[in-house]
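Below is one structure, written out as structure tokens, with a few remarks after it.
The values are calculated or read from the model by the stated rules, or taken from the named source; none is laboratory data. Note that the structure is a prediction, hence the values are computed from the model and not measured. Here the Cβ is made from the backbone with ideal geometry for all residues, glycine too, and neighbour counts use every protein chain on show. Heavy atoms of the whole protein, side chains included, go into the accessibility calculation; ligands, DNA and RNA do not. Shrake-Rupley method; radii C 1.70, N 1.55, O 1.52, S 1.80 Å.
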Amino acid sequence: MSKHLNSSEKARERWKLLAKALKGQRSDETCHSSVSVRRFGSYGLLQTRELSTSENLKNSGSSWHHYTCPEVLNFSMTIRHLAGTINAETVLGFNNTGNVCVWPSEEVMAYHTQKYLNDFRGATVCELGGGMTCLAGVMLSILSEADSMLLTDGNEESVDNLNQIIEKNSSAFGKTKVTSRMLRWGDGPVEESLVDKFDIILCADCLFFEEGRKDLVDLVHTMLKPEGKVFMYAPRRGKTFDQFVSLAGEKFHTSVKEEYDPTVWSLHKQMDAKGLDHYDANIHFPLFLSMERINKAS
């Protein structure tokens, strides 16, 4: 008989799985109570500069950063970061992994999607599970002329941070309506206002918890318009990526690419070839998964 776990025990089990994934551990290896999430932090696709002390809230464990992209002329955004470590205590309750750093998949998604701005012009867009920054969603809100952008995460602290980011960048959004809200998959029926709502759904590195994969497939299917598209970026993390694609294949046409961007691919191959201790393609290099609903004829 399987053991029934309460919410606190479930959170600790999720933490153990994530810690092993971050450290590249096998299931029989010991999991430490704390792990640095900055073993590999960035591909350098976006440039960041921490703002001066007077512009930050050091005493609250947060800091504001100025983001630019060398390939995008006259682009900048101001992003608020929360604390940068993760341990068992920080994930008690709902998944808290999104407010400890900007994950490589989020950086890559922001960089790659801005190359296809025409796809977003006039569209209703949602970023799911975007953590403390929803970096791609904010960047596209500034550059794409989307009709609307909904930034979401399942953690209250992350959503509070997103609200501040939206306020800080509001003058740069133009006519794009940008909002944020807490949204979790598997919490029951999707509210009516989100059903068949979005032309494009974005998601980065949200596939590692087994218990949430089918719920994520169902949520995306419900929220996406019949002719909409889903863009997901996530590393393999063992079998987790392939397991999600298999589940998604029941409701979506799926396409997986490794060499989807020449710059990202080149950076990945360079680091992989050097055999750097801090770089592990299995947990750092995001594959690109695009999906479209299978719309059965009535």
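Some points to look at:
- Listed by position, the helices (runs of 4 or more DSSP H) inside the stretch 103-207 whose residues that are out of contact with any helix residue (DSSP H, G or I) (no Cβ under 7 Å at 6 or more places or on another chain) and surrounded by fewer than 17 Cβ atoms within 10 Å (Cβ to Cβ) number at least 2 are 156-169.
- Check on Tyr233, part of a loop (DSSP other than H, G, I, E, B) and under 19 Å from Trp103 (Cα atoms): no
- Residue count for the stretch 220-239, restricted to those that are touching a Leu at 6+ places or on another chain (Cβ under 9 Å), closer than 23 Å to Gly137 by Cβ and open to solvent by 10 Å² or more (accessible area, probe 1.4 Å): 3
- Checking each residue in the stretch 215-256 for being among the charged types (D, E, K, R) and out of contact with any Phe, Trp or Tyr (no Cβ under 9 Å at 6 or more places or on another chain) picks out Glu227, Lys229, Lys239, Asp242, Glu250, Lys251.
- Selection of the stretch 239-298 for residues being within 17 Å of Leu202 (Cα to Cα) and in a helix (DSSP H, G or I) yields Phe241, Phe244, Val245, Ala248.
- Enumeration of residues in the stretch 256-298 that are within 29 Å of Thr222 (Cα to Cα), charged (D, E, K, R) and open to solvent by 50 Å² or more (accessible area, probe 1.4 Å): Lys257, Glu258, Glu292, Lys296
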